[in-house]
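Remarks on the structure that follows.
Just so it is clear, none of the values below were taken in a lab; they were calculated from the coordinates. Because the structure is predicted, anything quoted here is derived from the model rather than measured. Note that each Cβ is placed from the backbone with ideal geometry, even for glycine, and that neighbours are counted across all protein chains shown.
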Amino acid sequence: MHTNHISKDEVHVPPTSREVQLPWGKTKTALSIFKHLILGWPFYLLKNVASNKRFKGQSNVNHFSPWSPLFTEEQRPYIILSDIGIVLTIAGLSVLGFKYGTPAVAVLYLGPYLIVNMWLVLITKLQHTANDVPVYDETTFTWVKGQLCTVDRDFGWLLNAYVNLFQFFRYTATLSITFPPYSSESMHLDDGN
């Protein structure tokens, strides 16, 4: 994990000053939001879009191919198992679509999927991008600096309780590789807030 590394980070790698095309208008901003929230996750999985730049220009860089340069030889069987699970899920959804109708499956599966997708993309982007979040290069990056340079934001009274736990779990998961994520809640200490 190379969080906040300019060329090795896995998600929301910021563009360099040469890659940014300004000025941005309302239309470009709206398209960018749509692109990130609706298309971001599928394109990240299919084409490794907005990820680290070391694979730029290479073919077969996706999260479904066992032979993608993203994975090691030891990881290939797990990617194949994951692909089988995806095929079985699509087959199951197709059967449900034939039995109950495509609109029912879209409402009960696709709608919630899109909401969760948008939420995860948004929270991850907000945690990793801000004008004051440093992005490191080869000479200044350390693993701890990268992990600790993420942003906790105020989401208002309604979402703060959930989001703060989510952010705490994120820190326990990223700072301790050996700590099992399912036990993260037991690590939560009351800080008086």
Seminar exercise, completed: Ordered by number, the trypsin sites (Lys or Arg not before Pro) in segment 1-42 that occupy a DSSP loop and have at most 12 other Cβ atoms within 10 Å are 18
Seminar exercise, completed: Sorted on mean Cβ neighbours within 10 Å (highest first), peptides 42-50, 85-93 come out as 42-50, 85-93
Exercise. Long-range amide H contacts for residue 5: which residues qualify at under 5 Å (H placed 1.01 Å from N, peptide plane, sequence gap of 5 or more or a different chain)?
Worked result: 136
Problem set entry | Integer Hz, Karplus 6.51/-1.76/1.60 couplings in order for segment 3-9, x for Gly and Pro | 4, 6, 9, 4, 10, 10, 4
Exercise. In what sequence, highest mean first, do 58-71, 98-111 appear when ranked by Cβ atoms within 10 angstrom?
Worked result: 58-71, 98-111
Problem set entry | Cβ-based exposure ranking for 12, 2, in which fewest neighbours within 10 Å come first | 2, 12
For this session: Please turn the phi angles of segment 59-76 into ³J(HN,Hα) values with the Karplus equation 6.51 cos²θ - 1.76 cosθ + 1.60 (θ = phi - 60°), one per residue in order, whole Hz, x for glycine and proline.
Result: 8, 6, 9, 8, 8, 10, 8, x, 9, 5, x, 6, 10, 8, 4, 5, 7, 4
